[in-house]
1. Could you please let me know if GLY353 is in a loop (DSSP other than H, G, I, E, B) and crowded, with 19+ Cβ neighbours inside 10 Å?
2. Consider HIS408 carefully, then state whether it is closer than 18 Å to ALA245 by Cβ and either in contact (Cβ under 8 Å) with a residue 60 or more places away in the chain or of a type outside the set (D, E, K, R) (or both).
3. Within region 310-350, which residues are touching a helix residue (DSSP H, G or I) at 6+ places or on another chain (Cβ under 8 Å), more than 23 Å from ASP479 (Cα to Cα) and either basic (Lys, Arg) or part of a helix (DSSP H, G or I) (or both)?
4. Scan region 67-112 for residues that are among the hydroxyl-bearing types (Ser, Thr, Tyr), away from ligand 1 (no atom under 16 Å from the Cβ) and under 20 Å from LEU163 (Cα atoms) and jot them down.
5. If you check GLY214, GLY218, GLY255, GLY170, which single one turns out to be closer than 24 Å to ALA269 by Cα and either at pLDDT 95 or above or among the acidic types (Asp, Glu) (or both)?
6. State all residues of region 269-292 that are out of contact with any Phe, Trp or Tyr (no Cβ under 8 Å at 6 or more places or on another chain) and within 14 Å of ligand 2 (Cβ to nearest atom); if no residue qualifies, say none.
7. Output yes when any residue across region 236-253 is among the polar types (S, T, N, Q), on the phi > 0 side of the Ramachandran plot and touching a residue at least 12 places away in the same chain (Cβ under 8 Å), and no when none is.
8. Of the conditions (1) among the charged types (D, E, K, R); (2) in a helix (DSSP H, G or I); (3) within 21 Å of the chain's Cα centre (by Cα), ARG358 satisfies every one except a single condition; which number is it?
Amino acid sequence: ASKGAFAAVDLGASSGRVMLGQVRDGSIALEEVDRFPNRPVRVLGTLHWDVLDLYRGVLDGLRAAGAATGAGPDGVASVGIDSWGVDYGLLDADGTLLGNPVHYRDARTQGMPAEVEKVLPAAELYAHTGIQRMPINTLYQLAAAREDSRFRAARQLLLIPDLISYWLTGQRGTELTIASTTQLIDPRTRDWSPVVMDALGVDRGLFPPLRTPGDGAGQLRDDVLAETGLTGPVPVTAVGAHDTASAVAGVPAQGSRFAYIATGTWSLAGVELTSAVLTEESRAANFTNELGVDGTVRYLRNIMGLWLLQECLRAWEAQGTPQELDTLLEEAAEVPGLRSVVDAGSAEFLRPGRMPQRIADVCRRTGQPVPRDPAETTRCVLDSLALAHREAVFDARRLSGQDVETVHIVGGGARNALLCRLTADACGLPVVAGPVEAAAYGNVLVQARTAAAVTGPLGALRALVRSSVRLRQYAPTGDHSAWEQAAARIRTEARTDAGT
Ligand code: ADP
Ligand code: LRH
């Protein structure tokens, strides 16, 4: 029976989408009602998100959602918002946004991890946050921004999904899963870390109160109802506001012996736990303990992901040799595998620009064959990603003690059959691919549970995803030792790099 439709706003680094989910006879019918590109803008040398353009996309999407459902009891029952992690907008004393949010790939965070560690040593920072050392983290962005006049004028900081939620409802809050990407949350208390905040002089008052997935987050403002044509009241529900938290909630796994890889612009590969792993070994392995839906911990590694391919495609287009993704992937499948691999976990690929050349430079530097054309470069990227997936899954299993029998791939990369096949081969484990829109499923399910349209723990929500989507299976094939040798090549390179 229908109890209305749940609108999931899912903002990824490459595109934003509004999806409409309905619970029908033990499954979820999910429909995309709007999709819009997310295109960063460089202004006076600083890379920004065009957040008003994204917000317009959200409003257009909600209007389309209303048009798709009609008014009345079958209309939009609630709205949930998730987005990429770590970025934020600053508000002045009147609640007005102070400028466009800066993009996590902007160069301002360069050298910031080392600056922060002068005040709070890396081991201590990890013991209190369990977060992977990545320059993009909000903590390092704050370290870079603290002297800016804009920052000094700020009275409040809202992470991206919380900012969108504020504009829709007028209510301010900080959702816990997205807050955990700041590197200011202690995963043991699931609250702000006073140690980190005090050491780095971050004012806790900047953050509005924490919310957890399932909490109410206000109702659409009257002007938003008027603009979108929706009939009020329409509540906004806090979901796993970090897209990866929603994606992991939407993994169609059975039981607990699984690893997940959320592959889009990033690959987030790891396991789900009930408590954080804060050991020195875990820190050295650069693992993160982000917070998940229903009290879970997302124990994972951030890997550069399909960003590497997105940036290659952008470069080939700019130089007048545009490539068509489907054809490129077919050609890459014919290229001999594992000729050259790069460390897809390395922050050296974080910034935009010249990606094919940068990949070629690394191959040259490490004495491997240099890819000669787009197909060979693509094969190098996909082999490297599969290898990084393998390393993350194996490390997660080893460091957490969590058994892994199946690897689930969700997100846009689940469409990439070659990547899924290579990941199965690299891990020597069966891969189950799909759904592509796992974040939207996770988002809808948390809303539906709050509205009592579904019941049960995460496992029950996942069973609903399983019965709603067609999944693809990839059994591991090929010579497993070739992957072990390639992994050893990368480890040697990483050690050499660290020494220089
Ligand atoms: P994000 O949420 O970070 O914006 P997505 O989950 O939407 O990312 O994934 C985007 C990626 O999915 C693209 O960069 C592309 O590599 C991959 N992708 C999308 N469509 C296809 C397709 N038809 N075939 C293969 N890969 C695809
Ligand atoms: C993926 C993601 C990832 C990181 C990055 C900034 O979209 O949220 O988990 O936080 O973006």
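The values are calculated or read from the model by the stated rules, or taken from the named source; none is laboratory data. Bear in mind the structure is a predicted one, so any value in this text is a computation, not a measurement. Reconstructed Cβ throughout: ideal geometry from the backbone, glycine too, with neighbour counts over all protein chains shown.
1. On the way: in a loop (DSSP other than H, G, I, E, B): yes; crowded, with 19+ Cβ neighbours inside 10 Å: no.
So GLY353 does not fit the description; no.
2. yes
3. GLU311, CYS312, LEU313, ARG314, ALA315, TRP316, LEU325, LEU328, GLU348, PHE349 - these are the residues of region 310-350 that are touching a helix residue (DSSP H, G or I) at 6+ places or on another chain (Cβ under 8 Å), more than 23 Å from ASP479 (Cα to Cα) and either basic (Lys, Arg) or part of a helix (DSSP H, G or I) (or both).
4. Within region 67-112, the first condition is being among the hydroxyl-bearing types (Ser, Thr, Tyr), and the residues that meet it are 69, 78, 83, 88, 96, 104, 109.
Then keep just the ones that are away from ligand 1 (no atom under 16 Å from the Cβ); that gives 69, 78, 88, 96, 109.
Once the filter is applied, which keeps residues that are among the hydroxyl-bearing types (Ser, Thr, Tyr), away from ligand 1 (no atom under 16 Å from the Cβ) and under 20 Å from LEU163 (Cα atoms), region 67-112 yields SER78, TYR88, THR96.
5. None of the others qualify; the one that does is GLY255.
6. Result: ASN286, GLU290, LEU291, GLY292.
7. Initially, region 236-253 is screened for residues among the polar types (S, T, N, Q), giving 237, 244, 246.
Remaining after also requiring on the phi > 0 side of the Ramachandran plot: none.
Scanning region 236-253 turns up no residue that is among the polar types (S, T, N, Q), on the phi > 0 side of the Ramachandran plot and touching a residue at least 12 places away in the same chain (Cβ under 8 Å).
8. Of the numbered conditions (1) among the charged types (D, E, K, R); (2) in a helix (DSSP H, G or I); (3) within 21 Å of the chain's Cα centre (by Cα), the odd one out for ARG358 is (3).
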